[in-house]
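Below is one structure; the comments refer to it alone.
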Amino acid sequence: MNEKWTNYKGSVKLVNPANKRKLEVIVVGTGLAGASAAASLGEMGYKVKAFCFQDSPRRAHSIAAQGGINAAKNYQNDGDSVHRLFYDTVKGGDYRAREANVHRLAEVSTSIIDQCVAQGVPLAREYGGLLSNRSFGGTQVQRTFYAAGQTGQQLLIGAYQALERQVALGNVEMFSRHEMLDVVTIEGKSRGIIARDLISGKLERHFGHAVLLCTGGYGNVFYLSTNAMGSNVTAAWKAHRKGAYFGNPCFTQIHPTCIPVSGDHQSKLTLMSESLRNDGRIWVPKMQNDPRPANQIPEEERDYYLERRYPAFGNLVPRDVASRAAKERCDAGYGVGASKMAVYLDYASAIERYGKTEANKRGLHNADKETIITLGKGVVAEKYGNLFEMYEKITGENPYEVPMRIYPAVHYTMGGLWVDYELMTTIPGLYCLGEANFSDHGANRLGASALMQGLADGYFVIPYTIGNYLADEIRTNSIPTDHPAFMEAEAAAQATIDRLMNIKGSKSVDYFHKRLGKIMWDKCGMARNEEGLKQAIAEIRQLQQEFWSDVRIPGDANGLNPELEKAGRVADFLELGELMCVDALNRNESCGGHFREESQTPDGEAERNDEDYAYVAAWEYKGNNQYDLHKEPLTFEVAKPSKRNYA
Amino acid sequence: MIMSGDMKLTLKVWRQKNSSAKGAFETYQVDGISKDMSFLEMFDVLNERLISEGKEPIAFDHDCREGICGMCSMYINGRAHGPWKGTTTCQLHMRAFNDGDTIVVEPWRSVAFPVVKDLVVNRSAFDRIIQAGGYISVNTGNAVDANSILIDKPDADKAFAAAACIGCGACVAACPNASAMLFTSAKVSHLALLPQGDPERKTRVNNMVRQMDIEGFGMCSNTGACEAECPKEISLENIARMNREYVSSVFAG
Ligand SMILES: Cc1cc2nc3c(=O)[nH]c(=O)nc-3n(C[C@H](O)[C@H](O)[C@H](O)COP(=O)(O)OP(=O)(O)OC[C@H]3O[C@@H](n4cnc5c(N)ncnc54)[C@H](O)[C@@H]3O)c2cc1C
Ligand code: SF4
Ligand code: FES
């Protein structure tokens, strides 16, 4: 397996430069995965058309990533290696990812950092001029590269600039404010897309010898998540309806440190970087429904439940474990804040600890408490100042004085379109990259690995694997877009829009989206059980019917209409939500982010079942709420499954 | 769950059907607003009401709602992104206002940013400025080991500070001349401060400035309004640096 990618690259079919110019590739989505793919394919000489729904490719959801990007550079000489990154990722994913893909990801990770630095991405540096690293998400090595709290922004702008350079050179044609509404297949192969120009409202037909979906994750099926408002499943879902299998749809990551919901007006949730768990301590009162404010609860009446349950890892247990533990405390009546659905993330002891060190550094050996606290606040401000400020802007509370309140929120979806080693879906010529595919993270993603995967797919995997397919397409001339398959797909997309506009019901799109989100969060969220999932499926089907008979979309379809855009997306979420519950119901084991209450140890830890569930669940769409399950067995040659134990 | 709050506000919002239509202000009374809402959540509340009344909701741009994508763009009471310093519209919270306030909300106004609908404008001119040279010409796969390029920390920090620009366009909206100098200079500075950006330094600044003029952005008259309203607090020093870069590129022929 160590040699698989090298051997693949050595024997893969190539396309000669003259032929590349005749081959057209459509890239849908210009986040990290899409922008890097579109730029690289443009550089190689393919004729590329790229699409995004925002007003500029620079605004994709990738921009919001804060923490960092992993790479097995071993610059810190702390024992990191490709093998260790590979192993950590397979284990972190709870043995539900494909070994060969993960190994390739770890291999190319180092080239990503080289590429980004060459583009001018300002990653953090030490005084000696070398790149800086931090540890992230509880790993034992420092392999995370970062740019303050704006790593995603800087990486995306790097890819965006590479993309705009290709636009200027005429190798890539960019279609912003365009939304893909369907894939077009001809004789079983993917040959193009139908897209809506969001400004004019007109539908367009675009041909491509191959189509790449780089359209991001579907966390917004829960309504509230840390994803950008526009993040959606439409492109992937439409491909699924056309025959692409959907892999492990129920694998969702719930991030433990987010700002809690403050009221029914809430439109999205804000992540507080995982790095805060490095220094903060998480606790709830020992007394149920304790009405006292945090600073009036004495030390001995606080329950540092992560430190209590997991003494070895304490506050640094993986995301899924930390999230479930917070839910457990809140459900049992120990939650804090007005909603009682929050726990404290407390910096008081870190401020004191840093203050003492700082006082010692300055030779103030008998410093009084006040001085120590002031010094400590200074240190904390330097490390986390921007996050603390953000917290204060949103909540109106000063986290230097009172502990932050946090609660888990939906953050990332490991599931996505099923792809093979070459990132091709089950539709020939249709590829899927980045968060939109199901590949490398198994049942749980490690921090700082999504950026790595998006850029690996776009810069270093697809440029090779697409050639293997397109080499056999050099004799296919561009297919005119008045071909019946294009006309039919366009007519179908138009019919869906007309149908939505003509319902003229009584409830807004958000009304349905919120209801769907609540069903998903309550029954297919942090803990799932058979009864709840069955109920959820029935409720979602009911909601689908209500949506299609009662949604109200004001305005018309011949121009910019954000409500119509949302309606199309929510219609697809309503179907996806059902499939997620179907998948969660089928997988009667607990693994990674998927916790089935029926499958736990006596002390409440997740219990994986390798005998029955060591497979990828790839679902085929059959129409009329029917889905067929195909199982891709997972075998582990190198990283032998062991129990994840953080106690 | 905490329900809505009790603030009452009067909103005067610019409504414009499309780029060729004539726009006008419309006045709305909104109540039930809580201090914990973000400014955009207040708009969500108003839009929900408009929908229930069978009216068209107000179109506005937004995506991340975290102050980083640069999509949101409202001109609030005469200030780009509203009253809070270093804050985007989406991060502005209703705590900034008082019960009974009247709030005037307009789109960015600039010839180079035509209104698309209501509060939505077309900022593609910024993409074309980047196309003109806002990059380093390196193809994928050609890079040397990242640590073979040493960059001293002060320069790296300055480059990073310039690279923090989110491309929102508030600088243009705030400027009496609708100049795009702060945006353009942030990119020129980011790349000029790094050794990787050195080879293309001269052509880059020339081409980007030329494109800025072609797009119809105004001249810079050093009012500093851009820096004051920039949500990422991009410094005016970048404009000075770009001017130096520009002059030296012109005289170097
Ligand atoms: C708050 C936050 C912080 C994070 N922090 C980190 C971190 O520190 N480290 C890390 O590794 N990961 C992090 N992640 C995860 C990571 O950011 C994402 O998984 C990753 O950026 C996804 O990249 P992508 O290219 O696959 O998709 P996206 O960046 O989501 O891009 C999707 C693209 O598809 C386009 N699109 C979607 N649908 C359509 C359609 N129908 N038609 C046309 N275009 C369409 C969009 O316009 C966009 O261009 C974080 C995520 C969040 C939410
Ligand atoms: S310089 Fe500031 S105001 Fe101008 S686009 Fe950049 S972030 Fe926005
Ligand atoms: S919505 Fe992204 S910056 Fe405001």
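Read-outs throughout are calculated quantities, based only on the coordinates presented, and are distinct from any laboratory measurement. What you see is a predicted model, and the numbers here were worked out from it, not measured in a lab. Glycine also receives a Cβ, built like all others from the backbone with ideal geometry; neighbour counts cover every protein chain displayed.
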key: Magnitude of the charge dipole, chain B, Cβ model with Lys/Arg +1 and Asp/Glu -1, debye to 20   = 660 debye
note = Measuring from its Cα centre, the stretch B:123-251 shows a charge dipole (+1 at each Lys and Arg Cβ, -1 at each Asp and Glu Cβ) which, in debye to the nearest 20, is 240 debye
note = Rounded to the nearest 5, the percent of DSSP beta bridges in chain A running antiparallel is 70 percent
request  = Identify the residues of the stretch A:551-575 with backbone N under 17 Å of a label point that sits 7 angstrom from the Cα of A:Arg541 along the Cα-to-Cβ direction, or state none.
outcome  = A:574-575
request  = Mind checking the stretch A:101-209 for trypsin sites (Lys or Arg not before Pro) that DSSP puts in a loop (not H, G, I, E or B) and that have at most 15 other Cβ atoms within 10 Å?
outcome  = A:Lys202
request  = Could you check the simple spin-label distance between A:Lys356 and A:Asn586, using points 7 Å along Cα→Cβ, in nm with one decimal?
outcome  = 5.5 nm
inquiry  = Could you derive backbone 3J(HN,Hα) for the stretch B:23-30 from the dihedral phi with the Karplus parameters 6.51, -1.76 and 1.60 (θ = phi - 60°), listing whole Hz in sequence and x where the residue is Gly or Pro?
reply    = x, 7, 7, 10, 9, 10, 9, 10
Relative contact order of chain B, defined on C-alpha pairs under 8 angstrom at six or more residues apart (%) = 19 percent
remark   = Projecting the Cα atoms of B:Ile130, B:Val144, B:Cys175 onto the charge dipole of the stretch B:109-189, where Lys and Arg contribute +1 and Asp and Glu -1 at Cβ, the residue farthest towards the positive end is B:Cys175
message = Going by Cα centres, the stretch A:49-82 and the stretch A:246-272 are how many Å apart?
response = 20 Å
query = Which whole-Hz ³J(HN,Hα) couplings does the stretch A:36-41 yield from phi under the Karplus relation 6.51 cos²θ - 1.76 cosθ + 1.60, θ = phi - 60°, glycine and proline marked x?
reply = 5, 5, 4, 5, 5, 5
Residues of type aspartates and glutamates that B:Lys35 reaches as a straight line, Cα spacing below 16 Å, ignoring anything fewer than 8 places off in the same chain = A:Asp264, A:Glu392, A:Glu397, B:Asp6, B:Asp44, B:Asp99, B:Asp101
remark   = Mean other chain Cβ within 10 Å across A:123-130 is 5
note = Relative to chain A, whose Cα atoms define the longest principal axis, helix A:151-169 and its Cα axis are tilted in degrees, nearest 10, by 20 degrees
Long-range tail of P(r) for the stretch A:256-408 (Cα pairs > 29 Å, %) = 17 percent
remark   = A correct Karplus calculation of ³J(HN,Hα) over the stretch B:49-65, with 6.51 cos²θ - 1.76 cosθ + 1.60, θ = phi - 60°, whole Hz and x for Gly and Pro, returns 5, 4, 5, 5, 8, x, 9, 7, x, 7, 7, 8, 8, 5, 8, 6, 6
task = Please give the length that would be gained between A:Glu611 and A:Met487 if that part of the chain were fully extended, namely 0.36 nm times their separation in residues minus their C-alpha to C-alpha distance (nm, one decimal).
result = 39.9 nm
ask   = Label A:Glu299 and A:Asn366 with points 7 Å out from Cα along Cα→Cβ: what is the distance between them in nm?
value = 2.3 nm
key: Relative contact order of chain A, defined on C-alpha pairs under 8 angstrom at six or more residues apart (%)   = 20 percent
note = FRET efficiency (A:Met1, A:Asp498; Cβ distance; R0 51 Å; to 0.05) is 0.50
key: Extreme residue, positive dipole direction of chain B, given options B:Cys220, B:Ile166, B:Leu92 (C-beta unit charges)   = B:Cys220
query = Can you list the residues, at least 5 places off or on another chain, whose amide H is less than 5 Å from the amide H of B:Lys8, using H built in the peptide plane?
reply = B:Gly100
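Using only alpha carbon positions, build the gyration tensor of chain B, then give the equivalent ellipsoid semi-axes as the square roots of 5 times its eigenvalues, largest first, whole angstrom.
Equivalent ellipsoid semi-axes, largest first: 38, 20, 16 Å.
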remark   = Mean other chain Cβ within 10 Å across B:156-168 is 5
message = Restricting to DSSP H runs of at least four residues, report the calculated mean residue ellipticity at 222 nm for chain A, -39500 (n - 2.57) per run over all residues, nearest 500 deg cm²/dmol.
response = -12000 deg cm²/dmol
Between the stretch A:182-227 and the stretch B:19-71, the alpha-carbon center distance in angstrom = 27 Å
message = Along its three principal axes, how long is the protein assembly as shown when you only count alpha carbons? Whole Å, largest extent first please.
response = 73, 66, 63
inquiry  = Within 10 Å of each candidate Cβ there may be at most 13 other Cβ atoms; applying that plus a DSSP loop requirement, which trypsin sites (Lys or Arg not before Pro) in the stretch A:361-412 survive?
reply    = A:Arg362
remark   = Among A:Lys73/B:Lys158; A:Lys523/A:Lys631; A:Lys504/B:Lys8, the pairs whose Cα-Cα distance exceeds 27 Å are A:Lys504/B:Lys8
ask   = By how many nm would the segment from B:Lys17 to B:Val104 lengthen if fully extended, with 0.36 nm per residue of separation less the alpha-carbon distance?
value = 29.5 nm
Crossing angle, helix A:319-331 versus chain A [Cα axis fit, 0-90 degrees, rounded to tens] = 60 degrees
query = Distance in nm between label sites at A:Phe636 and A:Ser349, each 7 Å beyond Cα in the beta-carbon direction?
reply = 3.3 nm
note = Mean separation of Cα contacts under 8 Å (at least 6 apart) over the residue count of the stretch A:486-609, i.e. the relative contact order in percent, is 30 percent
key: Dipole of chain A [Lys/Arg +1, Asp/Glu -1 at C-beta], most positive-end residue of A:Asn360, A:Gly158, A:His83   = A:Gly158
query = Once amide H atoms are placed 1.01 Å from N in the peptide plane, what residues at a sequence separation of 5 or more from A:Arg191, or on another chain, have their amide H within under 5 Å of its amide H?
reply = A:Val184, A:Thr185, A:Ile186
inquiry  = Just to confirm my numbers, what's the Cα centroid distance between the stretch A:472-508 and the stretch B:117-171 in Å?
reply    = 36 Å
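Starting from 0.36 nm per residue, how many nanometres of slack lie between A:Arg292 and A:Lys9 once their C-alpha separation is accounted for?
This chain segment gains 95.6 nm when fully extended.
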task = Report the FRET efficiency, 1/(1 + (r/R0)^6), for B:Tyr28 and A:Glu307, where r is their Cβ-Cβ distance and R0 is 60 Å, rounded to 0.05.
result = 0.75
inquiry  = Using the crude model of +1 on Lys and Arg Cβ and -1 on Asp and Glu Cβ, and no other charge, please compute the dipole size for the protein assembly as shown relative to its Cα centre, in debye to 20.
reply    = 1280 debye
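Could you tell me the calculated FRET efficiency between A:Glu392 and A:Lys340, based on Cβ-Cβ distance and R0 = 25 angstrom, to the nearest 0.05?
0.70
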